[in-house]
Amino acid sequence: MKPKNQRLVLVAAAVVALLVAVLLAMWGLKDRASYFYTPADIAAGKAQQGQAMRLGGMVERGSVQRQPDGVTIRFVVTDGQAATPVLYRGIVPDLFREGSGAVAEGRLENGIFIADTILAKHDERYMPPELGNLASERKAGKTLAK
Amino acid sequence: MIAETGLAALWLAAGLAALQLLLMVLALRSALDVGRTIRSVAVVQGVLTLIAFAMLLIVFARSDMSVALVFENSHTQKPFIYKVAGAWGNHEGSMLLWVTVLSVAGAFFALLSRRTSERTLVAALGAQATLALGFYAFLLIASNPFARLWPAPMDGRGLNPLLQDPGLAFHPPTLYFGYVGLSIAFSLAVGALLTNEVDARLARAMRPWVLGAWILLTLGITAGSYWAYYELGWGGYWFWDPVENASLMPWLAATALLHSINVLAARGALRAWTMMLAVIAFSMSMVGTFLVRSGILTSVHAFAIDPERGTFLLALLAIYVGAAFILFAARGAALKEGAPFELVSRETGLVINNLLLSVILGIVFLGTLYPLFVEALSGEKLSVGAPYFNAVAGPLALILAILVGMGPLLSWRRERRPILNQLRVPALIGVTALVITIIVAPGMTILPRLGLTVAAFLVGASILPLVARNPLRAPLATWGMVVAHFGIAIALTGMAMNGAFTSERLAVIKPGETLNVGPWTVLLKDVTPTAGKNYTALEAELRATNGAAVESLKPQTRYFSDPPTETNEAAIDTFWNGQLYTVIGKPDPSGGWQVRLWWKPFVTLIWAGGALIAFGGALALLGRVWPRRKREPDWRKERYA
């Protein structure tokens, strides 16, 4: 191959690689990104049954019930406007408490949110990103007077 | 006074960085010989930042609560080691560490580099000073670590027990050294583009820095993965968390750079390509720092509301990356043609390696940033996790792993031998592994099955470069390559084994009852209260038997009072063939306890593989900076590389 052609081929290869990456990413993101919903969104019917999603809100006080097997719990997540019942099998994370925020990953089945994971991080100042948004949006609403 | 000394040192260092930049401009515009001066300036600048960082360590060690940062992040009751480590466990301190590493790397580069021409060295030092200058400005204007509080409070607020962990104390610095080591590659690329001296000499000057940074990134990622595994108590080793991706992206770019730089060093080809990768690799380090340090991951809105730091970092990122790309566009086309190579050659193999790594990097990059874009544009919130990354990047990584076994067999320029013949034995090993998985575990999912097949193939193929010759006479760099590629096979085996054969049990059992997981029968003997230095805990005593061995495990739930926190301390028992991972949960009204058990066959191979990969890098680095046969001409050493 002549040097000139070699350079052309290499540039073409790089461009193709870039395109492939973008196309693959778009294809993957189309149905593998999980959307975040609040109980109000779910009450409004925005969330599809059976689709992987995240649910966020406050764990309602007095709502946590342990099931007979000892490792499954039911509780209610609320955002002040609506409430969604959640079923979770597993050891709840360290920072999971009634009256504090939680984000659950899972899917909606017959109106009950079946959680695979309940998120909490290794820092007590950490807020699950989505809850942080709720808080900061409220703040933003005040400061920007939207 | 200590804090003020630190601040003064920082200002002085910033001044010297400006001087360094000025000297570079002078040297490039006239024929002025500033080589010696600029080297001394770079060294003094490095020393000054070291002084500033030492001052920060001292105020943290002495718990000087009149310094705002110490008040926010430390506490007199903390164990001493965590007081010191607390110095970089926060935003300002970690940015100071970042800048310190940046300047010290520049100083070492000024002292040690003899491989490039003097002009390129001066230009590179100027570029390094420009990088440092931006981050000095960031520290001094937006993140002063030495700000005072008046009156000084009695005690600090930072006693977060979860951050008191050796993994968390020493894992970020390792990553930072790796991130910032790539800055030298960036500066050298910029310098060489400015002086038009992109050649094999430059590649040889750049290579040890890239290798060193890459080794540290590999170690940092491996250690971070193990930390998440034992500390979070979820039994997983990689969560595709944006913070994890922030360390993976520079690693992917550095891996590509590491391979293309060898083409430039050995054959003088892929000039523009390698410069581009050098720019991208450090850009990814800056993207990582931006993601972790700007607060944008917590919330795009929080970022928009309290924009000072994030915007500053984003502006720095845009300026540096933008300027480098403009320089590249202006000079890239004028670069001399590289040496030609044929379609079947080592060069082509490395180009394919680079393309695949770049595609994987692009996929991780887009997946990590997509939620931020969507939220900023439409306000919709979403997250991208394992389902995306595994499905989209996983198959590409497997293809890459197959090619890892083939590329090193090719010779430079053109390959006329039938190399596929050499791969018969490895291919046979791979097929055997595939057949075994079909017989032993017919229900296995596709990705682990292919993973085991490819890993088995690669175990055989990776050592072929040593088989065809006397291994003792092979250069260290070749050994390094073989060890690193073998490490990939080992890590892949661990991942596939863990994915396919992990067994998990979660149940409530009372003391005296047992639970089975994998080959183990685990008996809950008792749960007793216990106490540590700053916590109380409930400790379960578990007795695990598998017929032959009897093991005792003691997982805990720890309660800290200030701030009130609860943590799960998993108890993990390691065997040659896997790990038994136990977690104790909450008590049950019936008198039982939640117990969660995992049997993870060969999971340790994941981190052993990571360590091997880094060790291979270390061997290669040793071979590059300290060539065994001194009198041999460069081309000869390169040919075997």
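Values quoted throughout were computed directly from the atomic coordinates according to the rules given, and no laboratory measurement underlies them. In this text the structure is predicted, and so the values were computed from the model without any measurement. Note that we place each Cβ from the backbone using ideal geometry, even for glycine, and neighbour counts take in every protein chain shown.
Provide the FRET efficiency to the nearest 0.05 for the A:GLN51-B:ASP588 pair, computing r from the beta carbons and using R0 = 45 Å.
0.85
Reported to two decimal places, what Rg/Rh ratio describes the protein assembly as shown when computed on Cα atoms with Rh from the Kirkwood expression?
Rounded to two decimals, Rg/Rh equals 0.97.
Expressed as a whole number of Å, what is the distance separating the alpha-carbon centroids of the range B:123-190 and the range B:346-381?
Centre-to-centre (Cα) distance: 26 Å.
Amide H to amide H, which residues 5 or more places from B:GLU566 or on other chains are under 5 Å from it, using H placed in the peptide plane?
Close amide H contacts, sequence-distant or interchain: B:PHE560.
Relative contact order for the range B:503-601: what is it in percent, counting Cα pairs under 8 Å that are at least 6 residues apart?
26 percent
What length, rounded to one decimal in nm, is gained on full extension from B:LEU523 through to B:GLU197, with 0.36 nm per residue of separation minus their alpha-carbon distance?
110.5 nm
Which three numbers, in whole Å and largest first, are the semi-axes of the equivalent ellipsoid of the range B:415-471 derived from its Cα gyration tensor as √(5λ)?
Ellipsoid semi-axes (Å, largest first): 27, 11, 9.
In whole Å, what three semi-axes, largest first, describe the equivalent ellipsoid of the range B:1-164 built from its Cα gyration tensor (square root of 5 times each eigenvalue)?
Three semi-axes, in Å: 36, 14, 11.
Cα extents of the range B:503-601 along the three principal axes, largest first, in whole Å?
Projected onto the principal axes, the Cα atoms of the range B:503-601 cover 42, 31, 19 Å.
Dipole size in debye (nearest 20) for the range B:1-164 around its Cα centre, Lys and Arg Cβ +1, Asp and Glu Cβ -1?
400 debye
Using 0.36 nm per residue of separation minus the Cα-Cα distance, give me the extension gain between B:ILE319 and B:LEU112 in nm, one decimal.
71.7 nm
Only Cα pairs under 8 Å and at least 6 apart count here; give the relative contact order of chain B as a rounded whole percent.
11 percent
What is the dipole size for the protein assembly as shown, taken about its Cα centre, with +1 at each Lys and Arg Cβ and -1 at each Asp and Glu Cβ, in debye to the nearest 20?
Magnitude of the dipole: close to 3140 debye.
Packing-wise, with mean Cβ within 10 Å as the measure, how do B:326-336, B:360-370 rank, highest first?
B:360-370, B:326-336
May I ask you to give the average projected area over all directions of the convex hull of the Cα atoms of chain B, in nm² rounded to one decimal?
For chain B, the mean projected area of the Cα convex hull comes to 32.1 nm².
Kindly rank B:201-207, B:249-255, B:374-380 from highest to lowest mean number of other beta carbons found within 10 Å of each residue.
B:249-255, B:201-207, B:374-380
So if R0 is 60 Å, what FRET efficiency would B:ALA31 and B:LEU343 give, r being the distance between their Cβ atoms, rounded to the nearest 0.05?
0.85
Roughly speaking, what is the centre-to-centre gap between the range A:6-24 and the range B:50-85 when only Cα atoms are used, to the nearest Å?
Taking the Cα centre of each part, the range A:6-24 and the range B:50-85 sit 50 Å apart.
Two-decimal Rg/Rh of the range B:369-444 from alpha-carbon positions, Kirkwood Rh?
Over the Cα atoms of the range B:369-444, Rg/Rh equals 1.23.
At 0.36 nm per residue, minus the direct Cα-Cα distance, what do B:VAL243 and B:ILE2 gain on full extension? Give it in nm, one decimal, please.
83.4 nm
Per-residue mean of other chain beta-carbon atoms within 10 angstrom of the beta-carbon, peptide A:54-67?
The per-residue average across the peptide is 1.
Given R₀ = 41 Å, what would the calculated FRET efficiency be for B:LYS533 paired with B:ARG413, taking r from the Cβ atoms and rounding to 0.05?
Result of the calculation: an efficiency of 0.05.
Just need the Rg to Rh number for the range B:151-225, please, alpha carbons only, Kirkwood Rh.
That ratio is 1.27, to two decimals.
From the P(r) of the range B:439-535, can you give the percent of Cα pairs sitting at distances over 24 Å?
More than 24 Å apart: 55 percent of the Cα pairs in the range B:439-535.
Run through every distinct alpha carbon pair of the range B:54-121 and return the Kirkwood hydrodynamic radius in angstroms, one decimal place.
After inverting the mean inverse Cα-Cα distance, the result is 13.6 Å.
What does the average come to when, for each residue of peptide B:374-384, you count the partner chain Cβ atoms lying within 10 Å of its Cβ?
Other-chain Cβ atoms within 10 Å of each residue's Cβ, averaged: 5.
Give me the three principal axis extents of the range A:3-81 from the C-alpha atoms, as integers in angstrom, largest value leading.
Reported extents, whole Å, longest axis first: 74, 31, 20.
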